[in-house]
1. Whether any residue in segment A:152-159 is open to solvent by 10 Å² or more (accessible area, probe 1.4 Å) and either charged (D, E, K, R) or closer than 18 Å to residue A:385 by Cα (or both) is what I want to check.
2. For segment A:98-117, give me the residue count where each residue is at pLDDT 95 or above and open to solvent by less than 30 Å² (accessible area, probe 1.4 Å).
3. Could we say that residue A:166 is closer than 30 Å to residue A:107 by Cα and either crowded, with 16+ Cβ neighbours inside 10 Å or in contact with a helix residue (DSSP H, G or I) (Cβ under 7 Å, 6 or more places away or on another chain) (or both) here?
4. Answer yes if at least one residue in segment A:16-24 is within 28 Å of residue A:463 (Cβ to Cβ) and at pLDDT below 90, and no otherwise.
5. Tell me which residues, restricted to segment A:323-349, are within 15 Å of the chain's Cα centre (by Cα) and not small (Gly, Ala, Ser).
6. Of the residues that make up segment A:61-70, is at least one of a type outside the set (A, V, I, L, M, F, W, C) and crowded, with 22+ Cβ neighbours inside 10 Å?
7. Mind listing just one residue for me: the one in segment A:1-32 that is polar (S, T, N, Q) and not in a helix (DSSP H, G or I) and, of those, nearest to RNA strand B (Cβ to nearest atom)?
8. Please determine, by comparing only the residues of segment A:215-241 that are in contact (Cβ under 8 Å) with a residue 24 or more places away in the chain and small (Gly, Ala, Ser), which one is nearest to residue A:390 (Cα to Cα).
Amino acid sequence: MHKNLIIKIDEALKKLNYPADVSIEVEIPKNEAFGDLSTPIAMELAKHLKKYPRAVAEEIILALDGEFFEEVSVAGPGFINFKFKREFVLSKFSELLHKEEEFLRQKLSNGQKVQIEFVSANPTGPLHLGHGRGAAIGSALANILREAGYEVSTEYYINDAGRQVELLGLSVYYALERLFGKEVQMPEDCYKGDYIFDLAEEIYKTYGDGIKNKSFEEIGPFLIEFSYQKILKEIRTDLEEFGVEFNSWVSEKKLYHTGEVQRALINLKEAGYIYEKDGALWFRSTSFGDDKDRVVIKSDGTYTYFASDIAYHKNKIDRGYDELINIWGADHHGYIPRVKAAVQALGMSPSQIKILLVQMVNLLKEGKPFQMSKRAGTFVTLRDLMDEIGADTTRFIFLTRRHDSHLEFDVEVTKKQSHENPVFYVQYAHARINSIFAKAEKGSVKEFIGELFNEDELKIIKKLLQYPMIFELSVHFREPHRITFYLQELASLFHSYYHKYRVISEDEDLTHTRLALCKGIMIVLRHGLRMLGVKAPERM
RNA sequence: GCGCCUGUAGCUCAGUCGGAUAGAGCAACUGCCUUCUAAGCAGUGGGUCAGGGGUUCGAAUCCCUUCAGGCGCGCCA
């Protein structure tokens, strides 16, 4: 509906020879008395034209082809408010019902290749809530962009090389030692969660005394491999249950084995961005706005983590994506300038990489702050929460917030309130419609009779027609939460309607007209929930 | 000290490329189940949009500043 309006406004502006370079914004008025849609375009143009906004608005209205509109008026400081003709609204509604796919699947992209990398948690322990948040946002974003016509690829980058997995192996080694009855003190930086001891037990059960009395040098590599593979498997399982799929999993270790790390650095060197200082090799990231240059090869000859990350991004660039989206925890924000610098040095435009920072999840326990630490083993895992309140509820909680809002998460309160989580409100609307159709038996919806729709029904229909606009904004800003809020509003309208009217009655025409409305609501609810990765249950 | 993010109702959060009277859920209070699912509906109360200054026709939204909170500032990953 908003697209039709934009086209009409654009035509009017051309007729008036007004500047064509201003983008036409259309918005849903706060107050429905103002109409179905409105535009502040006249106020925008008034600045350029040095005219009064209301006068510009009047001119636009005169030049406007009014075929769709029942009423167009100037209001307030210069808004133009539009009220659509009933027949136009109904024809759009009919489109929704009969050409569901075309109506919902807007082509907002010509198949641009977008890669979204998210979660990418070190395989050194279970996923915690922060990862869950990133997972929910990343996968919803992938759904949305894919639906909008982008060619989306999702990826998990596995940090299976370097210090962290080594520490994991060492932690398991110490756990084994304890299992064998030795009094050993775990080093401070070891992981100490229960899962470490579980891993040790499992290893012992499988390999028996063969691993007894061995030094870390002897069995370290094996322990590392076994442990992180096992953890990775659990991460995959958790993500799967959480409704998150990755098209690919890329191993950091492999980047070393294939020589890609080395090659990436050679590339940078040839481009003149690498120099030597104090026995180390540096990347001149300051050339691209970073605060200081960064080491890529330490003076002891080993690579830094950043070196493999450069290689990873080069690898991504070489795969020919038009856009890279990295979803990171906000604690990595200091890392952004250097990665962007690297990407630019490798020849990609900075506008092609977007780094979405997902803010920290602040854990509370009965109102009091609660420190989460993987190393100390005090953390709430995604698995715990899913088991407790379910994947849908968990996803919904994460998707009702902007990615950069600091999320307060009180586990106890959440458990207590899970039964009144808004996700059920939305799902319930869907289940109710299903039961109406179950009762209506035949299932087939005959053509509605437009004249039979009352004001309440028309209001719902208009709400349905807003969905494509919400969806478009969600794509544009890369913000899935906009859909979450819309769905709650739509569900609210439906529940209210459901209570006030009966869909099935003796009057066959009326029944089918109302069934058509329900069908429309169902189509949109399903689509929205699918975008969020939340189930649309038939029964609750 | 420097940088990034945040501060909106009692609580959790929307609304922010400047736009009309600032919204929702929860909590509180009042009603509504012989009807297609009460995980629901109808209603009431609740706000210095952290404070101050500025920009302008217009600011929760932009700029400056103060305060408060979170997170970063390694030849760690």
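The values are calculated or read from the model by the stated rules, or taken from the named source; none is laboratory data. The model shown is predicted, which means the values in this text are computed figures rather than measured ones. Cβ coordinates were reconstructed from backbone atoms using ideal geometry, including for glycine residues, and neighbour counts include every protein chain displayed. Please note that ligands, DNA and RNA were not included when accessible areas were found on the heavy atoms of the full protein model with its side chains. Shrake-Rupley method; radii C 1.70, N 1.55, O 1.52, S 1.80 Å.
1. no
2. 4
3. no
4. In the first step, residues of segment A:16-24 are kept if they are within 28 Å of residue A:463 (Cβ to Cβ); the result is A:23-24.
With at pLDDT below 90 added as a condition, the list becomes A:23-24.
Yes: segment A:16-24 contains one or more residues that are within 28 Å of residue A:463 (Cβ to Cβ) and at pLDDT below 90.
5. If the condition is that a residue be within 15 Å of the chain's Cα centre (by Cα) and not small (Gly, Ala, Ser), then A:324, A:325, A:326, A:327, A:328 are the ones that fit.
6. Looking for residues that are of a type outside the set (A, V, I, L, M, F, W, C) and crowded, with 22+ Cβ neighbours inside 10 Å, one finds none in segment A:61-70, hence no.
7. Step one: of segment A:1-32, the residues polar (S, T, N, Q) are A:4, A:17, A:23, A:31.
So of that shortlist, the ones also not in a helix (DSSP H, G or I) come out as A:17, A:23, A:31.
Working: A:17: 21, A:23: 7, A:31: 5 Å.
Top of the filtered list is A:31.
8. A:227
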